[in-house]
């Protein structure tokens, strides 16, 4: 329907924009709503992991020493007959001294799961092995709980990233269900859809750089001396 002019006396005030009209099925709207809730759940899980992974940055630190650090290769089981992929982890053993007692740990960082890049994990091991000493961040309420690194792991970053991507897709699906005639709002909706689709594709492709991003996070906060 073409926009109609509003007349007031002898004056014409201009065209009236059509009200939004549903352009898709109820099923599509329900799917968008379900996708939105799923995205919120994934994002909430990722934010919870992010909070825990950052907690060590506020813990007190004490000097420690590295006993060993090697890159371990862990196969990824995809449940099919295809050749397995691998994750590479920096397996580190270190010790620290607190209140007259020596503590030993093998956990690099909270929820640390390595990465798909062997070079990234090897870089972390190289930094740790060459350090004369390291700063160990320990939980003031439980001295057995300690980490060398802090910050989100690959799994946490992937969860946050995927949750954001799902939310974006749900919003695009919802916006696609409405029309605003041929006015400015409809042009804006179409522009928004075009930009949103490009962002969604770029976010998906950017997952290829996830190992590099996680390496940068850990190396930035690596407590070597």
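Laid out as a table, the results:
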quantity: Sorted by Cβ density within 10 Å, fewest first, the residues 36, 86; calculated: 86, 36
quantity: Spacing of the two label points (7 Å from each Cα toward its C-beta) at residue 30 and residue 54, in nm; calculated: 3.8 nm
quantity: Cα centroid of segment 129-144 to Cα centroid of segment 183-197, whole Å; calculated: 52 Å
quantity: FRET efficiency estimate (nearest 0.05) - Cβ-Cβ, residue 98 to residue 205, R0 41 angstrom; calculated: 0.35
quantity: Fewest-first sequence of 87, 28 by Cβ atoms within 10 Å of each Cβ; calculated: 28, 87
quantity: Ranked packing of 96-108, 41-53, most packed first, by mean Cβ within 10 Å; calculated: 41-53, 96-108
quantity: Peptides 110-121, 151-162 ordered by average Cβ neighbours within 10 Å, highest first; calculated: 151-162, 110-121
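Taken together, the values in this text are just the output of simple stated rules run on the coordinates, not laboratory data. Source: prediction; values computed, not measured. Virtual Cβ from ideal backbone geometry, glycine too; neighbours counted across all protein chains shown.
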